[in-house]
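Worksheet: the structure to be examined is printed underneath.
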Amino acid sequence: MVSDELIKEQFACALDKCQGACCEEGDYGAPLEEQEVDIIKGLLSEILPFLDEKSKKVISEEGYHVYNEETDNIETTLVDGGPCVFMGREKSGISYCAIEKAYYAGKIDYKKPISCHLYPIRVSKNETIGFEALNYDRWDICSAACTKGKKEGIRIYEFAKEAIIRKYGVDFYQELDAAAKNLSSE
């Protein structure tokens, strides 16, 4: 099930404005799928060089993931209740994902957790009936992204195209795009 907001609302990250606040703000770490826990575990030695000493210490002492009973999710660990343990900061002040940095440096073939890649789309699951809902996670820290999306005419599902294809495949994305175009023409 795909929320109409993913088709109607516009969005394009504006890192120069928000500085990557989504990696630092909030009460929880990034949701991880079970297989991602093992993937990251296998790649951790390649990711660690892209982290600061504080994050390395947290990973060493607490691990890189936790189970959150409140959300019923496995999530990335937070550093002192704040940023994701995989968040780093460029000299410019903009946050980066150490996993993604390792990917772009050619060290690993895994880009980043799918929940981060899909953002601002959040997936709600009901494992019992095999149901997934894709919803827009509207957050005031992303207001510049909404403004930029409107200016550039990029809808949320278009912004997240690569991540949607990564998660659900090309056929799903093409069907979503066709449905969006059909709804837009009505």
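Output the residue which, of all residues in segment 144-186 that are of a type in the set (D, E, K, R) and exposed (fewer than 13 other Cβ atoms within 10 Å of the Cβ), is nearest to Ile114 (Cα to Cα).
Step one: filter segment 144-186 for residues of a type in the set (D, E, K, R), giving 148, 150-152, 155, 158, 161-162, 166-167, 171, 175, 177, 181, 186.
Next, only the ones that are exposed (fewer than 13 other Cβ atoms within 10 Å of the Cβ) stay: 151-152, 162, 171, 181, 186.
Values: Lys151: 26, Glu152: 24, Glu162: 10, Asp171: 18, Lys181: 25, Glu186: 32 Å.
Within segment 144-186, the match that is nearest to Ile114 (Cα to Cα) is Glu162.
Mind checking which pairs have a first residue in segment 145-172 that is in a helix (DSSP H, G or I) and a second that is surrounded by 14 or more Cβ atoms within 10 Å (Cβ to Cβ) and of a type in the set (D, E, K, R), Cβ under 6 Å, 6 or more apart or different chains?
Cβ pairs passing all conditions: Ile156/Glu9.
For residues that are modelled with pLDDT of 90 or more, touching a helix residue (DSSP H, G or I) at 6+ places or on another chain (Cβ under 6 Å) and in a helix (DSSP H, G or I), tally how many sit in segment 4-28.
2
If Lys150 satisfies all but one of (1) under 19 Å from the mean Cα position of the chain (by Cα); (2) closer than 22 Å to Asp16 by Cα, what's the number of the condition it fails?
Status for Lys150: all satisfied but (1).
How about segment 95-118: which of its residues are in contact (Cβ under 8 Å) with a residue 40 or more places away in the chain and in a helix (DSSP H, G or I)?
Within segment 95-118, Ala98, Ile99, Lys101, Ala102, Ile114, Ser115, Cys116, His117, Leu118 qualify.
Suppose we filter segment 64-76 for residues that are surrounded by fewer than 18 Cβ atoms within 10 Å (Cβ to Cβ), among the hydroxyl-bearing types (Ser, Thr, Tyr) and within 21 Å of Leu44 (Cα to Cα); how many remain?
1
Please indicate, with yes or no, whether at least one residue in segment 106-127 is within 18 Å of Lys8 (Cβ to Cβ) and of a type in the set (A, V, I, L, M, F, W, C).
yes
Just give me the residues in segment 53-78 being assigned to a loop (DSSP other than H, G, I, E, B) and either among the polar types (S, T, N, Q) or modelled with pLDDT under 95 (or both), in sequence order.
Start the filter on segment 53-78 by keeping residues that are assigned to a loop (DSSP other than H, G, I, E, B), which leaves 63-64, 69-72, 77.
Residues satisfying the conditions are Glu69, Glu70, Thr71, Asp72, Thr77.
Return the total of residues in segment 119-137 being part of a loop (DSSP other than H, G, I, E, B) and touching a residue at least 60 places away in the same chain (Cβ under 8 Å).
2
When both residues are 6+ apart or on different chains and their Cβ atoms are under 7 Å apart, which pairs have a first residue that lies in segment 2-23 and is acidic (Asp, Glu), and a second that is not in a helix (DSSP H, G or I)?
From residues that are acidic (Asp, Glu), the pairs are Glu5/Tyr136; Glu9/Tyr136; Glu9/Arg155.
If Tyr103 satisfies every condition in (1) on the phi < 0 side of the Ramachandran plot; (2) surrounded by fewer than 18 Cβ atoms within 10 Å (Cβ to Cβ); (3) not aliphatic (A, V, I, L, M) but one, which is the exception?
Exception for Tyr103: condition (2).
The values are calculated or read from the model by the stated rules, or taken from the named source; none is laboratory data. Note that the structure is a prediction, hence the values are computed from the model and not measured. In this analysis, Cβ positions are derived from the backbone assuming ideal geometry, glycine residues included, and neighbour counts consider all displayed protein chains.
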